[in-house]
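Structure, as structure tokens:
The values are calculated or read from the model by the stated rules, or taken from the named source; none is laboratory data. Computed from a prediction, not measured in an experiment: that's the story for all the values here. Note that we place each Cβ from the backbone using ideal geometry, even for glycine, and neighbour counts take in every protein chain shown. Surface accessibility is based on the protein's heavy atoms, side chains included, excluding ligands, DNA and RNA. Shrake-Rupley method; radii C 1.70, N 1.55, O 1.52, S 1.80 Å.
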Amino acid sequence: MTEQKLISELEQLVSEGRNPNTMHIDLLPTLDLLREINYEDQTVPVAVEKVIPAIAAAVNQIVAAFQKGGRLIYMGAGTSGRLGVLDASECPPTFSVPSNMVIGLIAGGPDALRRSIEGAEDDPEQGRQALEDVKLTKDDVVVGIAVSGRTPYVIGGLNYAKSLGAFTVALSCNPNSIIAGIADLAISPVVGPEILTGSTRLKSGTAQKLILNMLTTASMIRIGKSYQNLMVDVSASNKKLVARASRIVMQATGCSQKEARRVLDLTGNDVKLAILMEITGMGIEEARVALQNADGFLRKAINAKSA
């Protein structure tokens, strides 16, 4: 693509426009400058709210994929890719899921997490290869993340995913983007021009982070990873999380810290199992079976015992 053609494409993108509200930011003292940034940031949740129906449709597809053994795979370049990897990496400790259940792929590979490898995004074949490397199947959901909606790496990945029959989602911050035209479902929050022209790690990146939070959190809740609003499948993998596990059992059951620690020791820090035993009085093996029969939903297992 020639430089002239690329400039022409960028001129058509909302995310690349100049923000009339911030033309003077280079003249502002620090306090006023930060207030300008904060004012612009407040528009982001409003833009995300407008696309909640599309986010819900994506969540339903992700839940269906998880229920048949499929995975959620994010792919993007630069900031978009890093946000996808970040969200994926938080799922195992938060929800005790396997590390390959939610995968984040970034153009340029792991090195691109720590330093800019911006040229990697220009090759659609790298996007295809990345999905081949993780052995993509039709049971997976692929979410292509690109603020511009025109990143070749993401385009290549989405086209390959479509060819296999995997469900595809496009997350961009420009309406009617290229990837929106490829994917089965488009999520396109329009946050407008950035505070610094073209610096899409700002409002656009914030919108992406909010939406990725929603995709994984809602999907995990829908497959039974919470009880009330407690993270009952948290993995107690460090001292803070061990303490959090005790606190969750105490909050869910009203028991003492000593009792929470006793029952957690019996279950090997399995919070969900500990709560079920404490509330119902079940022994550990009976509780395991009850959870299995309830497909891992703690509330369902509790209700079945009390029915």
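Couple of notes before you dig in:
- The reciprocal of the average 1/r between distinct C-alpha atoms defines the Kirkwood hydrodynamic radius, which for region 37-190 equals 15.5 Å.
- Surrounding net charge for residue 266, when Lys and Arg each add one and Asp and Glu each subtract one, Cβ distance under 14 Å: -1
- Sum of -39500 (n - 2.57) over DSSP H runs of 4+, divided by residues of the chain (222 nm, nearest 500): -16500 deg cm²/dmol
- Karplus-derived 3J(HN,Hα), 6.51/-1.76/1.60, for each residue of region 209-219, Hz, glycine and proline x: 4, 4, 6, 4, 3, 5, 4, 6, 4, 5, 5
- Both radii are taken from the alpha-carbon atoms of region 226-306; with Rh as the Kirkwood radius, Rg/Rh is 0.93.
- Computed lengthening from residue 27 to residue 222, 0.36 nm per intervening residue step minus Cα-Cα distance: 65.3 nm
- Candidate residues 82, 150: accessible-area rank, largest first, probe 1.4 Å: 82, 150
- Placed amide H near residue 103: partners under 5 Å, 5+ positions off or other chain: 72, 73, 74
- Remark: region 226-306 carries 55 Å² of accessible area per residue (probe radius 1.4 Å; ligands, DNA and RNA excluded).
- The calculated FRET efficiency for residue 240 paired with residue 295, based on their beta-carbon distance and R0 = 22 Å, is about 0.15.
- Candidate residues 85, 232: accessible-area rank, largest first, probe 1.4 Å: 85, 232
- Kirkwood-Stokes translational diffusion coefficient of the chain, alpha-carbon pairs, 10 °C, 1.306 mPa s, µm²/s: 75 µm²/s
- Counting heavy atoms of the protein chains alone, residue 23 has an accessible area of about 110 Å² for a 1.4 Å probe.
- Region 226-306 - percent of accessible surface contributed by carbon and sulfur, probe 1.4 Å: 48 percent
- Part-to-part distance (alpha-carbon centres) for region 256-307 and region 166-193, which is given in Å: 42 Å
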